[in-house]
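Asks: Sharing a structure with you now.
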Amino acid sequence: MIDPHAPAPPSAPPWTAPARLPVRPGTGRFLVLVCVFVCAACGLVYELELVAFASYLIGDSVTQASVVLSVMVFAMGIGSLAAKRLRWHAAAGFGAIEIALALVGGCSAMALYAVFAWTGGWGGIWADGPRCLLVAFSLAIGLLVGAEVPLLMELIQRIRRQDAGGAVADLFAADYVGALVGGLAFPFLLLPFLGQLTGALLTGAVNVIAGVALVLGLFRRDLSRRARWTLLLTGLTVLGVLAAAAALAGDFERAARHAVYGDDVRVAVRTGVQEVVLAGGTGGRPLDLFLDGRLRVGGRDQRRYHEALVQPALSGPHTRVLILGGGDGLAAREVLRHRDVRRVDLVELDAGLIRLARRDPGLSALNGHAYDDPRLRVTTADALTWLRGAPAGTYDVVIADLPDPGITASTKLYSQEFYGLARRALAADGRLVVHAGPVTARPRAFWTVASTLRAAGFATAAYRVPGQDAGFPAGPDRSADASRAPQDWGFLLAAPGRTAPRLRLDREAPAPRTLTGDDLAADARAAAATRMGRLPASTLAHPRY
């Protein structure tokens, strides 16, 4: 018997009413989980694209990845809380969020590249521009991705009520599998075949199609006629914007590349290891080689740099020489000028750079067609991995012509373990020369390399060589931003044991020469004036740069 005085049971919230589906509940539930899978894949692609672009444009991939991931995860929590207010309009709210996410995430790569290209590489008032823009995109994408989960949970529950634990398990299973697919698709499909710009735009298109199709196809009866048309037209507009941007991506990239590298860009390829850009090198113009946006070879300065790197190391025995890096062939050119060199082994990671050094008219002329010399043997491999299997006591000279130690990807090539392997490959009276980055701009990193060499059993002699071209800053490891480029190169000549090698030049070294013995002595004094002592060595487990 019902007690007429008993309080009425609380009414269910209006948004919990069962959805009026055009399909069976089981099919509807499956379609929602498919949408969860697709949206999760798109969200992770946006995240990886931001990390990749930030690492390329700003450098220091560990820092940029940490910024993107931490900000995005924080924003996802805020977005999830904010989405609670949209539960009574879950279908419309989810559709709107997917449209916004597709637009923001799909266009993020193009926006980052545009600001970088047309504001002078973050110079001047844009000095903090890259990080601010990176944080802004990470925050916006994180907010939108975080708002997806509560709304999708509500949509699943409206199809068929089940315990919260079971619904969460189903939702997260689809979400994590989608994240796996997106995480694998970015490096193995999108990046190599479409590139960062088109890949991000295509991801945005998939995102908007999946979100709008789910809402209009499955939950259209929950929306008013006006809301359905608004959602459809807005989704089509965003899809049109993404399609137009994709159609213009090639022209946009070429224009941006010219803005960054100048109007005489001849070659721009992504080799699978890095982006390689060649500018000039014909018609009497000096050749510049950019690797991932950093000027690795400056046509006006390259001879001075490579002579300073190679010639002091070849002042003693140099029958067999090992070059680590140096795929452009310019260090090999300096070594092969010595007729008493019998064999040169060059270990370079990027086969695409080697092909350019062999075949490009400008670069092959600059390296003196070194790859045609029968004394040069080339191996495509990671330098650290190759050294682990290198024969002991084989080489008179080891030349480490590697990227700057301040670049995260090359940190392992400036570690105590790396130098220990190089020491094993050297003969007892052998010498190792290391390009250790700019002394003036980053003295701590330079002297950390010196400490690391000493920890590996070397004695060192330091020297710094200023660039000669005042119109274009010196140094092979600078970004395209001239205002922040280093003005010198720092080198360390090392020998096994406790006695530092003598800094001198071989009197019989072939001409032409841009360095003299007096220059070298002055360069050593200039480096010594910046000395920083008692710095800890850098190791694989504890990098110090």
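Asks: In whole Hz, with x marking every Gly and Pro, tabulate ³J(HN,Hα) for segment 254-264 from phi via Karplus 6.51 cos²θ - 1.76 cosθ + 1.60, θ = phi - 60°.
Replies: 5, 5, 5, 5, 5, 5, 7, 9, x, 7, 9
Asks: Averaged over every viewing direction, what's the projected area of the C-alpha convex hull for segment 360-466? Give it in nm², one decimal, please.
Replies: Value for segment 360-466: 8.2 nm².
Asks: How large is the translational diffusion coefficient of the chain in µm² per second when you combine the Kirkwood radius over alpha carbon pairs with Stokes-Einstein at 20 °C and 1.002 mPa s?
Replies: Answer, rounded: 81 µm²/s.
Asks: Highest mean first, how do 98-109, 419-430 rank when packing is the count of other Cβ atoms within 10 Å averaged over residues?
Replies: For the peptides 98-109, 419-430, the packing ranking is 98-109, 419-430.
Asks: Check G437: other-chain or 5+ apart residues with amide H under 5 Å from its amide H, H built from backbone geometry?
Replies: G490
Asks: If you place +1 on the Cβ of every Lys and Arg, -1 on the Cβ of every Asp and Glu, and leave all else neutral, what size is the dipole of segment 293-355 about its Cα centre, to the nearest 20 Debye?
Replies: 160
Asks: Calculate one ³J(HN,Hα) per residue across segment 32-49 by plugging θ = phi - 60° into the Karplus curve 6.51 cos²θ - 1.76 cosθ + 1.60, and present them in order as whole Hz with x for glycine and proline.
Replies: Rounded to whole hertz, the list is 5, 5, 4, 5, 4, 4, 5, 5, 5, 4, 5, x, 6, 4, 4, 5, 5, 5.
Asks: Normalised by the number of residues in the chain, what is the relative contact order in percent for Cα pairs under 8 Å and 6+ residues apart?
Replies: Normalised by residue count, the contact order of the chain is 13 percent.
Asks: Quick one: angle between helix 164-185 and the longest Cα principal axis of the chain, in degrees between 0 and 90, rounded to 10, please.
Replies: Once rounded, the angle reads 30 degrees.
Asks: Along the charge dipole of the chain, which of P317, S66, F30 sits closest to the positive end, that is, farthest toward it, with unit charges on the beta carbon of Lys, Arg, Asp and Glu (+1, +1, -1, -1)?
Replies: Farthest along the dipole direction, towards plus: F30.
Asks: Among A409, T514, M76, whose Cα lies farthest out toward the positive end of the dipole of the chain, if unit charges sit on the beta carbon of Lys, Arg (+1) and Asp, Glu (-1)?
Replies: Final value for the positive-end residue is M76.
Asks: Next question. Can you tell me the accessible area per residue over the chain, all protein chains present, probe 1.4 angstrom, in square angstrom?
Replies: Result: 44 Å² per residue.
Asks: Say each of A351 and E275 gets a label point 7 Å from the Cα, pointing the same way as Cα to Cβ; how far apart are those two points in nm?
Replies: 2.3
Asks: Within the accessible area of the chain, what % is carbon and sulfur when the probe is 1.4 Å and the other protein chains stay in place?
Replies: 60
Asks: About the Cα centre of segment 353-425, what is the dipole size in debye to 20, counting +1 per Lys and Arg Cβ and -1 per Asp and Glu Cβ, all else neutral?
Replies: For segment 353-425, the charge dipole is close to 220 debye.
Asks: Test of the criteria: in segment 489-535, which trypsin sites (Lys or Arg not before Pro) are in a DSSP loop and have at most 10 other Cβ atoms within 10 angstrom of their Cβ?
Replies: Listed in order of number, the matching sites are R498, R507, R534.
Asks: Still on this structure, please answer the following. I want to check the label-to-label distance for A243 and R24. Put each point 7 Å from Cα in the C-beta direction and report it in nm to one decimal.
Replies: In this crude label model, A243 to R24 measures out at 3.5 nm.
Asks: Can I ask one more? Give the shape of segment 415-456 as rounded, prolate or oblate, defined through the alpha-carbon gyration tensor: a ≥ b ≥ c are the square roots of its eigenvalues, a/c under 1.5 means rounded, and otherwise the shape is prolate if a/b is larger than b/c and oblate if not.
Replies: Prolate.
Asks: Taking 0.36 nm per residue of sequence separation and subtracting the Cα-Cα distance, how much length would be gained by fully extending the chain between Q487 and K84, in nm to one decimal?
Replies: So the extension gain works out to 139.6 nm.
Asks: I've got another one for you. For the chain, what is the charge dipole size about the Cα centre, in debye to the nearest 20, if Lys and Arg each add +1 at the Cβ and Asp and Glu each add -1 at the Cβ?
Replies: 480
Asks: Under a point spin-label approximation (7 Å from Cα along Cα-to-Cβ), what is the F188-T516 distance to one decimal in nm?
Replies: 6.0
Asks: Pairs of alpha-carbon atoms within less than 8 angstrom and 6+ residues apart define the contacts here; what relative contact order does segment 146-246 have, in percent?
Replies: Dividing the mean separation by the residue count of segment 146-246 yields 27 percent.
Asks: If you don't mind, another one. Any idea which of P192, F137, A147 is furthest toward the positive side of the dipole for the chain, if Lys and Arg beta-carbons carry +1 and Asp and Glu beta-carbons -1?
Replies: Ranked along the dipole, the leading option is A147.
Asks: Give the long-range amide H neighbours of E275: residues separated by 5 or more places, or on another chain, with amide H under 5 Å away, using H modelled in the peptide plane at 1.01 Å from N.
Replies: D292
Asks: Let me ask something else. Rounded to the nearest 5, what is the percent of antiparallel bridges among the DSSP beta bridges in the chain?
Replies: Here the share of antiparallel DSSP bridges comes out near 60 percent.
Asks: Turning to a different aspect of this structure: If R₀ is 45 angstrom, what is the calculated FRET efficiency for the pair L69 and R502, using the beta carbon separation as r and rounding to 0.05?
Replies: Calculated value: 0.40.
Asks: Another question about this same structure. In sequence order, what are the phi-derived ³J(HN,Hα) couplings for segment 198-203 according to the Karplus relation 6.51 cos²θ - 1.76 cosθ + 1.60 with θ = phi - 60°, rounded to whole Hz, with x for glycine and proline?
Replies: 3J(HN,Hα) across segment 198-203, in whole Hz: 5, x, 5, 5, 5, 4.
Asks: Rounded, prolate or oblate: which one fits segment 203-316, using the alpha carbon gyration tensor with axes a ≥ b ≥ c (rounded when a/c is under 1.5, else prolate when a/b beats b/c, else oblate)?
Replies: It comes out prolate by the Cα gyration axes.
Asks: Then there is this: What does a probe at L139 reach in segment 60-92, counting residues whose amide N is under 11 Å from the point 7 Å along Cα→Cβ?
Replies: Counting backbone N atoms under 11 Å from the label point, the list is 75.
Asks: V267's amide H: which non-local residues (gap 5+, or another chain) put their own amide H closer than 5 Å, with H modeled 1.01 Å from N in plane and none for Pro or chain starts?
Replies: Long-range HN contacts for V267: L278.
Asks: A213 to D372: FRET efficiency via 1/(1 + (r/R0)^6), r the Cβ-Cβ distance, R0 60 Å, to the nearest 0.05?
Replies: Taking R0 as 60 Å, the efficiency between A213 and D372 is 0.55.
Asks: Let me ask something additional. With a 10 Å radius around each residue's Cβ, average the other Cβ atoms per peptide and rank 389-402, 453-466, highest first.
Replies: 453-466, 389-402
Asks: Calculate, in nm to one decimal, what R226 and A428 gain on full extension: separation in residues at 0.36 nm each, minus their alpha carbon distance.
Replies: Going from the current span to full extension adds 64.4 nm.
Asks: Further question on the same structure: Is the shape of segment 318-393 rounded, prolate or oblate, going by the alpha carbon gyration tensor and its root eigenvalues a ≥ b ≥ c, with a/c under 1.5 for rounded and a/b larger than b/c for prolate?
Replies: Oblate shape, in that a/c is at least 1.5 and b/c is the bigger or equal ratio.
The values are calculated or read from the model by the stated rules, or taken from the named source; none is laboratory data. No experiment lies behind these values; they were computed from the predicted model shown. Glycine also receives a Cβ, built like all others from the backbone with ideal geometry; neighbour counts cover every protein chain displayed. To get the accessible areas, we keep the full protein, side chains included, count just its heavy atoms, and leave off ligands, DNA and RNA. Shrake-Rupley method; radii C 1.70, N 1.55, O 1.52, S 1.80 Å.
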